[in-house]
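The values are calculated or read from the model by the stated rules, or taken from the named source; none is laboratory data. Everything quoted here is computed from the prediction, not taken from an experiment. Because the Cβ atoms are built from the backbone with ideal geometry, glycine has one as well, and the counts that use them run over all protein chains shown.
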Amino acid sequence: MAIDRQGTGLTVVRICIGVFFIFEGLGKIRWFTNPSILAAQLAGWAHAAAPASISHHYLERVAQPGVALFSRLVPLGELSSGVALVLGFWTPIFALVAFFMALNFQIASGAIFTYGFLTSGYGLPVLGATLGLAVGGVRLPWTIRAGRARVARPPRN
């Protein structure tokens, strides 16, 4: 019986990045009742950002005006994406959602434009894993599809 090594490898990535997003979301649960936590973080990033930078414009025009909405959407999005990735439910869609959430934080914090982005575990590895799953995360072993679990089957010759 042959094993689908690529599918199994992507499944490991899917489960690990899913667990990562579950715990990121759990760490932000307090945002639901206290949006000032996110507001303070965004204000700190805005203060540190160069006035003409993409991060500063993004913070002023998108993130800070929408803090009440984002303080609820971010934990919900991270938790739901994490659970969906662990279970293998609509992997490409939830991986793309997770990618854009992580990208938003990288842009807002200004980290994406620094050397630290390339060496941080929150930067390139998370964006790469989620984008890779969004592109290639279909028909993976141990997934939930159309209401039934899919298990690894040997490839047909």
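Each row is one residue, and each column tells you yes or no for (1) assigned to a loop (DSSP other than H, G, I, E, B); (2) at pLDDT 90 or above; (3) closer than 19 Å to GLY77 by Cβ.
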residue: PHE94; (1), (2), (3): no, yes, yes
residue: ALA102; (1), (2), (3): no, yes, yes
residue: GLN106; (1), (2), (3): no, yes, yes
residue: VAL126; (1), (2), (3): no, yes, yes
residue: ALA134; (1), (2), (3): no, yes, yes
residue: PRO141; (1), (2), (3): yes, no, no
residue: ALA149; (1), (2), (3): no, no, no
residue: ASN157; (1), (2), (3): yes, no, no
(request) Spot the failing condition for ASN34; the list is (1) outside any helix (DSSP H, G or I); (2) closer than 30 Å to PRO141 by Cα, and only one is missed. (result) (2)
(message) Considering only segment 45-66, I want to know if a residue exists there that is charged (D, E, K, R), part of a helix (DSSP H, G or I) and buried (at least 18 other Cβ atoms within 10 Å of the Cβ).
(response) no
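Conditions (1) among the hydroxyl-bearing types (Ser, Thr, Tyr); (2) more than 12 Å from the chain's Cα centre (by Cα), marked per residue:
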site	(1), (2)
ARG5	no, yes
THR11	yes, yes
ILE22	no, no
LYS28	no, yes
TRP31	no, yes
ASN34	no, yes
(request) Scan segment 106-132 and report the pairs whose first residue is on the phi > 0 side of the Ramachandran plot and whose second residue is aliphatic (A, V, I, L, M) and outside any helix (DSSP H, G or I), with Cβ atoms within less than 6 Å and a gap of 6+ or a chain change. (result) GLY110/ALA49
